[in-house]
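The values are calculated or read from the model by the stated rules, or taken from the named source; none is laboratory data. As the structure is a prediction and not an experimental result, all values here were calculated from the model. Neighbour counts are summed over all protein chains in view; Cβ atoms, including those assigned to glycine, are modelled from backbone coordinates with ideal geometry. Just the protein is used for accessible areas: all its heavy atoms, side chains included, with ligands, DNA and RNA removed. Shrake-Rupley method; radii C 1.70, N 1.55, O 1.52, S 1.80 Å.
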Amino acid sequence: MDQLPNSIVATHERPIHRFAAWIGWRSIRGRYLYAASAFILLLIGAAWVADVRVQHTSLRSDSNTVERNTIRRSLRAITDDLRKMESALHEFLLVPAANDRTRVETQLNNARLEVNRLITASWIDQNENTHVTLKKLIGDLQQLSEEADRLMATRASLGRTALPNVDTVLPLLHDNFRPLLIKLWDGLEALEASVEIRSVEDMSVLAQTADELSGAIWLLVVAGTIVTCIGYLFFEINIRRPLAQVASALKAEADGVATVLLTHGSTEETNDLITAFDRMRHQVHSRQKRLETILDNAAEGIITFDSSGLIERFNKAAERLFGYNEDEIVGKNIELLILPDVGEKRKGYAQHFIRTKMQQLIGQEGEVTGRHKDGSTFAMALKISRIALDGNELYTGLVADISERKAMVEHLKNMAEHDGLTGLYNRTYFQQELERVVERARRSQSSSSAVLYVDLDNFKYVNDTLGHAAGDQLLIEVAGILHKRSRKSDLIARFGGDEFTVLLYDTTPELALSAAESFRKKLANYNFRHEGEQVDIGCSIGVAAIGPDTTSAEEALSHADVACHLAKRNGRNQVHAFVPSDADSVAAMSLDMGWSRRIKEAIEHNHFTLACQPIVNVATGDTDAYEVLIRLLDEAGNLIMPSGFLPSADRFGLSTEIDKWVIKNAIETLRDQRAQLPGLRYSINLSGQTLSNPTVCDLIQQILWETELDPSALTFEVTETVAITDMSTAQTFLSRLREMGCRTALDDFGSGMSSFAYLRDLPVDYVKIDGRFVRNLASNTVDQAIFRAINDVVHAFGKQTVAEFVENERIYEIVKEYGVDYAQGYYLGRPDVTVPCRAIAERLGQTPICHIR
């Protein structure tokens with residue numbers, strides 16, 4: 001049979017091994033079990049032997065006692081029977097009577113029965129002397145019976161009448177009978193004496209048994225004492241001394257003295273205990289070393305002190321923090337490290353600190369003032385935990401120098417409250433302070449303040465043309481101007497972009513308006529210079545008073561914002577104070593804001609559409625180009641003309657975004673159409689905001705490169721009013737378009753009645769004469785003279801003219817007669833507001849190829 005694997009054999013042997021180890025002689029348990037088992041068996045055996053002896057002796061004694069009592073009763077009964085028999089015999093001898101004779105016989109029979117009963121007793125049978133005595137007694141009783149019968153027979157023969165002398169007859173009669181009766185009584189007394197002797201012997205046996213049991217008990221006591229002494233020696237050697245060694249080693253470990261070496265004992269338990277203690281000691285030392293390493297390398301200082309403030313432990317970080325060595329500071333009071341609060345003069349500050357402030361710092365971090373060894377102070381974070389050891393309270397404090405952290409927090413707070421560029425307060429802080437001012441005004445019912453909303457007028461031009469760095473520099477300089485012109489108590493903030501807000505405390509509406517005018521004049525007289533460029537800035541300021549009737553900070557700021565927008569709408573570089581009648585303007589601005597949202601959605605979702613109006617070559621009558629016009633589609637698909645949304649777009653700075661949408665879609669459409677109509681050209685209008693945004697030129701150049709469209713197919717128009725507002729910007733923008741190969745046009749020329757001189761400087765290819773000079777050409781000689789003069793001057797500058805608003809044949813004939821190059825108007829063609837591409841195709845006899853939407 002194959003041998004079982006070792007693992008299986010080991011598995012089967014493990015319970016046996018465990019049981020053997022459990023009861024082994026090497027273990028305290030095993031030795032105790034062996035000793036206890038032997039002692040218990042000894043006690044059980046002794047108890048059993050004693051019990052058997054006692055039971056046997058007791059049973060024997062009880063049996064003998066019963067028999068002796070029976071024998072005593074029988075002997076007494078025999079004696080009584082003999083006495084009664086003697087009495088009956090005397091009576092019969094005196095006066096013979098039948099009943100007396102019967103009585104004699106009966107008593108003798110009873111005596112014989114008792115004697116026969118005695119002879120069957122086991123004690124009598126076992127005792128030879130007693131048995132012989134009883135046999136003699138039976139023989140004597142028989143003789144007595146015979147002698148009684150003889151006497152009664154003799155007496156009976158004498159008769160009843162012959163009465164003998166009692167004194168002479170009875171002795172005679174008793175000569176033989178009396179000795180037999182005495183002999184019987186002696187025999188009965190001898191038997192009783194034997195019984196008593198036997199009783200004494202039984203008592204002697206019981207006493208002997210008791211003595212023997214007493215000796216056994218003392219023997220057990222001695223054995224128990226010996227076992228107890230042996231057990232104590234075993235306990236002393238194998239248990240108490242090893243435990244005492246372990247206890248001594250534990251105490252030494254607790255006191256931190258030298259390590260006590262332990263020797264292994266003779267029992268497994270003590271060896272296991274010593275091994276476990278050595279392992280525990282090793283683990284404790286290892287953990288203590290790791291803990292000390294952690295404490296010494298902890299970034300935070302750790303101080304342990306008692307309830308009176310005396311320092312018990314001081315780690316390396318605390319040494320570096322305070323400048324004390326641990327040996328210098330242990331045992332000193334913690335008040336040496338913590339500076340009392342300002343104004344705190346009481347003695348025993350440490351106790352006060354422990355009773356009050358320290359309780360507040362348990363479990364949470366607080367800030368106190370720490371003191372270095374050299375006496376210098378620093379901001380210190382302190383977090384305390386409390387533990388109870390041996391009924392005493394100890395405190396552990398985590399300390400750290402938070403000077404840098406406080407400085408950083410202050411810096412972060414400053415950053416959170418101030419604008420990073422200008423150093424002024426930011427929008428968030430201003431709004432919070434405005435809320436406090438409004439609430440204070442409502443509570444006091446007397447204080448009055450004001451908020452100014454300042455919006456720079458030409459910041460966008462600087463930022464777009466001179467660059468963002470120039471724009472940032474402009475904002476910094478404007479912030480400095482506002483700060484210098486304000487009172488120290490006033491709060492100035494950069495609200496966002498080129499917008500500033502000023503909070504004037506404790507002022508009146510009149511003084512607030514005067515302060516706003518002072519800010520406006522200062523900025524109006526300020527010229528921004530950057531790399532040789534000089535720009536007039538200016539600003540529009542809205543003023544809103546804050547009083548008890550102001551419901552919220554939002555309302556005050558909204559009033560100032562509305563006032564600023566009204567100042568811009570009224571021509572910029574103005575101050576406007578909000579009055580209740582401006583509510584209508586607020587409604588209008590709300591409408592503008594609604595248009596702003598709709599315009600942004602239209603740009604994002606392509607809700608705009610293009611309409612194209614033909615531009616006719618007057619000399620040939622051919623359509624050379626189309627002016628691209630924009631329309632907005634509402635939710636129902638109805639067209640909204642430019643006058644409905646362009647003013648709002650201009651106010652909210654969305655005109656450039658609209659122009660970008662038109663440029664992108666118009667160029668893409670023109671590219672597709674020129675595939676079949678190579679000579680087709682578009683004329684696109686640009687807003688004033690677009691002229692100040694140089695990125696539009698980049699967009700045009702990018703789209704031309706992507707579509708590969710001939711730049712000469714595009715003409716970009718700007719109005720005269722826009723051009724003369726900022727001549728340098730217009731010149732720069734139009735020049736760059738011409739450099740790309742595009743053509744340019746000046747729209748609505750003559751509307752401003754400006755000098756013709758600037759035409760020499762503007763880089764335009766076409767001049768579109770304002771429609772008000774064309775509309776009445778057929779009937780108004782003054783308009784004819786002005787129209788002719790404009791046409792001639794433009795031609796003199798080498799530019800071509802375009803007559804707008806040609807609404808009938810007569811006007812068309814006149815402009816042709818005056819030598820105008822191009823004409824456009826309802827007579828020549830209306831803008832197709834539904835499908836502009838189809839209108840172009842149909843006019844040129846081609847199939848429509850695109851649809852702008």
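Condition test on ARG436, is it surrounded by fewer than 19 Cβ atoms within 10 Å (Cβ to Cβ), assigned to a helix (DSSP H, G or I) and in contact (Cβ under 8 Å) with a residue 24 or more places away in the chain? In short, no.
Kindly evaluate ARG405 against the criterion of being at pLDDT 80 or above and open to solvent by 60 Å² or more (accessible area, probe 1.4 Å). Before you say what the answer is, go through the steps one by one.
Values: at pLDDT 80 or above: no; open to solvent by 60 Å² or more (accessible area, probe 1.4 Å): yes.
Judged against the criteria, ARG405 is not a match.
Looking across region 614-629, the residues that are touching a residue at least 12 places away in the same chain (Cβ under 8 Å) and open to solvent by 20 Å² or more (accessible area, probe 1.4 Å) come down to ASN617, ALA619, THR623, ASP624, LEU629.
For every residue, the table says whether it meets (1) open to solvent by less than 30 Å² (accessible area, probe 1.4 Å); (2) within 13 Å of ILE541 (Cβ to Cβ); (3) more than 43 Å from the chain's Cα centre (by Cα); (4) not hydroxyl-bearing (Ser, Thr, Tyr).
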{"residue": "ALA416", "(1), (2), (3), (4)": "no, no, no, yes"}
{"residue": "ASN426", "(1), (2), (3), (4)": "yes, no, no, yes"}
{"residue": "GLN431", "(1), (2), (3), (4)": "no, no, no, yes"}
{"residue": "LEU452", "(1), (2), (3), (4)": "yes, yes, yes, yes"}
{"residue": "LEU466", "(1), (2), (3), (4)": "no, no, yes, yes"}
{"residue": "HIS483", "(1), (2), (3), (4)": "no, no, yes, yes"}
{"residue": "ALA493", "(1), (2), (3), (4)": "yes, no, no, yes"}
{"residue": "ASP506", "(1), (2), (3), (4)": "no, no, yes, yes"}
{"residue": "ARG529", "(1), (2), (3), (4)": "no, no, yes, yes"}
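Among the residues of region 332-390, those that are at pLDDT 75 or above, within 19 Å of ILE402 (Cα to Cα) and among the small types (Gly, Ala, Ser) comprise GLY366, GLY370, GLY375, SER376, ALA379, ALA381. For the list (1) in a loop (DSSP other than H, G, I, E, B); (2) at pLDDT 75 or above, I need the number of the one condition that PHE305 fails. Going through (1) in a loop (DSSP other than H, G, I, E, B); (2) at pLDDT 75 or above one by one, PHE305 breaks only (1).
Scanning region 643-677 for residues that are of a type in the set (A, V, I, L, M), open to solvent by less than 60 Å² (accessible area, probe 1.4 Å) and either at positive phi or in a helix (DSSP H, G or I) (or both) yields ALA649, ILE658, VAL662, ILE663, ALA666, ILE667, LEU670.
Every residue, every condition in (1) on the phi < 0 side of the Ramachandran plot; (2) crowded, with 17+ Cβ neighbours inside 10 Å; (3) part of a loop (DSSP other than H, G, I, E, B); (4) modelled with pLDDT under 85, yes or no:
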residue: SER735; (1), (2), (3), (4): yes, no, no, no
residue: ARG738; (1), (2), (3), (4): yes, no, no, no
residue: LYS768; (1), (2), (3), (4): yes, yes, no, no
residue: ARG772; (1), (2), (3), (4): yes, no, no, yes
residue: VAL802; (1), (2), (3), (4): yes, yes, no, no
residue: GLU813; (1), (2), (3), (4): yes, no, no, no
residue: ARG838; (1), (2), (3), (4): yes, yes, no, yes
residue: THR847; (1), (2), (3), (4): yes, no, yes, yes
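Could you tell me whether THR293 is among the hydroxyl-bearing types (Ser, Thr, Tyr), over 20 Å from LEU389 (Cβ atoms) and at pLDDT 80 or above?
Numbers: among the hydroxyl-bearing types (Ser, Thr, Tyr): yes; over 20 Å from LEU389 (Cβ atoms): yes; at pLDDT 80 or above: no.
So THR293 does not fit the description; no.
Here TYR395 qualifies as touching a residue at least 40 places away in the same chain (Cβ under 8 Å) and either touching a Ser or Thr at 6+ places or on another chain (Cβ under 8 Å) or within 30 Å of ARG320 (Cα to Cα) (or both).
Considering only region 126-153, state which residues are farther than 13 Å from GLY187 by Cβ and open to solvent by 50 Å² or more (accessible area, probe 1.4 Å).
Selection gives GLN126, GLU128, GLU146, ASP149, ARG150, ALA153.
Of all residues in region 569-594, those satisfying the criterion of being under 22 Å from ASP457 (Cβ atoms), modelled with pLDDT of 70 or more and in a helix (DSSP H, G or I) are ARG569, ASP582. Can you tell me which residue within region 97-114, out of those that are touching a helix residue (DSSP H, G or I) at 6+ places or on another chain (Cβ under 8 Å) and modelled with pLDDT under 75, is nearest to ARG73 (Cα to Cα)? Applying the filter and picking the extreme gives ASP100.
Residues that are open to solvent by 40 Å² or more (accessible area, probe 1.4 Å), more than 10 Å from CYS539 (Cβ to Cβ) and out of contact with any Lys or Arg (no Cβ under 8 Å at 6 or more places or on another chain) within region 566-575 comprise ASN570, GLY571, listed in sequence order.
Take the residues in region 770-796 that are among the hydrophobic types (A, V, I, L, M, F, W, C) and touching a strand residue (DSSP E or B) at 6+ places or on another chain (Cβ under 8 Å), then tell me which one is nearest to GLU717 (Cα to Cα).
Filtering region 770-796 down to residues among the hydrophobic types (A, V, I, L, M, F, W, C) leaves 773-774, 777-778, 782, 785-787, 789-790, 793-794, 796.
Then keep just the ones that are touching a strand residue (DSSP E or B) at 6+ places or on another chain (Cβ under 8 Å); that gives 774, 787, 790, 794.
On the way: VAL774: 19, PHE787: 20, ILE790: 18, VAL794: 16 Å.
The qualifying residue nearest to GLU717 (Cα to Cα) is VAL794.
Residues in region 399-433 that are in contact with a strand residue (DSSP E or B) (Cβ under 7 Å, 6 or more places away or on another chain), not in a helix (DSSP H, G or I) and not polar (S, T, N, Q): VAL399, ALA400, ASP401, ILE402, HIS418, ASP419, LEU424, TYR425.
Working carefully through the options ALA77, ALA88, find the one that is within 15 Å of GLU114 (Cβ to Cβ), among the small types (Gly, Ala, Ser) and modelled with pLDDT of 75 or more.
Working: ALA88 fails: within 15 Å of GLU114 (Cβ to Cβ).
It is ALA77.
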